[in-house]
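Here's the structure, in structure tokens; my notes come after.
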Amino acid sequence: MLTVESLKKSYDEAPGRAARRKKRDTTRTYAVGGVDFEVNDGELFTLLGPSGCGKTTTLRSIAGLERPTEGKVALGGRVLFDSAQDVNLRPNQRGFGMVFQSYAIWPHMTVAKNVSFPLEVMPRAKRPSRQEIDHQVAEVLESVELGAYAQRSATKLSGGQQQRLALARALVTRPELMLLDEPLSNLDAKLRETMRFELKRLQRELNLTAIYVTHDQAEALVMSSRIAVMNEGRVEQIGKPREIYTRPATRFVAEFIGTSNFLEGKVVAVNGGEVEVDTPHGRLVAADPPRKPVVGDPVLLSIRPECVDLSRERRGLPNEWTGTVRTRAFLGDVVDHIVQIGDTEIRNRSNPTLSIPPGTEVHFSVTPDKVTLVPVG
């Protein structure tokens, strides 16, 4: 549906002829340094990354609120921006719905008026009749469960309701694509968790195609069809949430998505679907890595804390080492243990029924299929 090709954005110089003449100047600093991805129909595609990684600039470039320095953006074959052809449609010509981080609710209007306003300011030739506007407003308010609040002042809504109102206002024009820029960041933690599922429900029920920007990894994992992890203006990895979490392609992705234990090592054997790696603390075996290394390759092993199994007794399992519990922390639904193995600390995350006191000797083990090989360099 949406295609983004070689998108670049530099703020070194204001857009114009001089900027276009210098667009290939390698001395420039790029906020977005060459981004490529596609968004499919009915997909919630998330741009995820830390502050300053270029995700919001990418979204604003797609919306037409920023003019990219280079690249191409097309929607269903219709070119929205192309630096080579000097095409740049205005935001109102692109036909997108957008929900901002600040909901931008009009405080002097009722809930219904907030939603109807985008329809009422359409050009006369495209503007629906008053009856049709009322019907569309009622329909979209019901879809976001605000039908009973139609005549309430927008300022009398809770944070979650205002978020849904902003979404309804973007939906009422029936856009081909929704753009959402961290819409839950202003909510408290409990409400944010509730609204993740609410937004996902609406996206599925209404079959929305959306691009969602967030720095919250849990939000991305819960809501996304696919995730593009961004870092320093570039996409590090694109994949489904489970793939991104269990098979990170780079160290940055492994560190940014969840928590991970890292061990450096060198490949000493490749036997069918298994790779043996020597580390400073012993040998570990990884099963079915997505990219097969060769003997002698330096690699980085990534092991998620919940994949680490602890026992007070040695059981002769694969990838079993001995260490000492240095500290533990009760987190309610889990207990974290920090196990000292030589000069390395390994984090374990267990069911709260397992709580091992500091100073206890334990045996750490992890199954080969839970050891991820991350390429070095």
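Quick note: the coordinates plus some simple rules give every number you see, no bench work behind them. These figures come from a predicted structure and were not determined experimentally. When we count neighbours, we look across all protein chains shown, and the Cβ atoms used for this are built from the backbone with ideal geometry, even at glycine.
Gyration tensor over the Cα atoms of the chain: the corresponding equivalent ellipsoid has semi-axes (square roots of 5 times the eigenvalues, largest first) of 46, 28, 16 Å.
Positive-end ranking of ALA210, THR324, SER225 along the dipole of segment 208-330, with charges on Cβ about the Cα centre, is headed by THR324.
Think of each Lys and Arg Cβ as +1 and each Asp and Glu Cβ as -1; about the Cα centre, that makes the dipole of segment 259-375 roughly 100 debye. Rounded to the nearest 0.05, what FRET efficiency is calculated for THR353 and THR155 with R0 set to 56 Å and r the Cβ-Cβ distance? E between THR353 and THR155, to the nearest 0.05, is 0.70. Along the Cα-to-C-beta direction of ALA218, a point sits 7 Å from the Cα; which residues of segment 236-279 have their amide N less than 14 Å from that point? Taking a point 7 Å out along Cα→Cβ of ALA218, the residues of segment 236-279 whose backbone N falls under 14 Å are 258-259.
Ordering CYS307, CYS53 by the number of other Cβ atoms within 10 Å of each residue's own Cβ, fewest first, gives CYS307, CYS53. With a Förster radius of 45 Å applied to the beta-carbon distance between GLU243 and GLU120, the computed FRET efficiency rounds to 0.50. Multiplying the residue separation of ALA148 and GLU255 by 0.36 nm and subtracting their alpha-carbon distance yields 34.1 nm. By the helix-only formula, in which each DSSP H run with n ≥ 4 contributes -39500 (n - 2.57) and the sum is divided by residues, the chain has a 222 nm mean residue ellipticity of -7000 deg cm²/dmol. Segment 85-128 and segment 309-345 have Cα centres separated by 55 Å. For the pair ARG315 and VAL294, a Förster radius of 35 Å applied to the C-beta separation gives a FRET efficiency near 0.65, rounded to the nearest 0.05. Each of ILE227, ILE62, ILE257 was scored by other Cβ atoms within 10 Å of its Cβ. Listed from fewest to most, they are ILE257, ILE62, ILE227. Per 0.36 nm of contour for each residue apart, how much would the distance between LEU206 and HIS135 grow if the chain were fully extended, relative to their Cα-Cα spacing? Gain on stretching LEU206 to HIS135: 23.9 nm. Measuring nothing but how far apart in sequence close Cα pairs (under 8 Å, 6+ apart) lie, relative to its length, the chain scores a relative contact order of 15 percent.
Comparing PRO298, PRO352, PRO175 in a Gaussian network model of the chain, where Cα atoms under 10 Å apart are tied by springs, the biggest mean-square fluctuation is seen for PRO352.
Considering only ASN40, ALA63, THR372, the residue lying farthest towards the positive end of the dipole of the chain is ALA63, judged by Cα position with unit charges set on Cβ. Residues MET122, MET223, MET1, ranked from the fewest to the most other C-beta atoms within 10 Å, line up as MET122, MET1, MET223.
The amide H of ARG304, built 1.01 Å from its N in the peptide plane, has ASN261 as neighbours under 5 Å, considering only residues 5 or more places off or on other chains. Charges were assigned to the Cβ only: +1 to each Lys and Arg, -1 to each Asp and Glu. The resulting dipole of the chain about its Cα centre is roughly 1320 debye.
Taking 0.36 nm per residue of sequence separation and removing the Cα-Cα distance, the GLU193/ALA287 pair yields an extension gain of 30.4 nm. Rounded to the nearest whole Hz, the Karplus-based 3J(HN,Hα) values (6.51 cos²θ - 1.76 cosθ + 1.60, θ = phi - 60°) of segment 29-37 follow the sequence 9, 10, 6, 10, x, x, 10, 10, 6, with x at glycine and proline.
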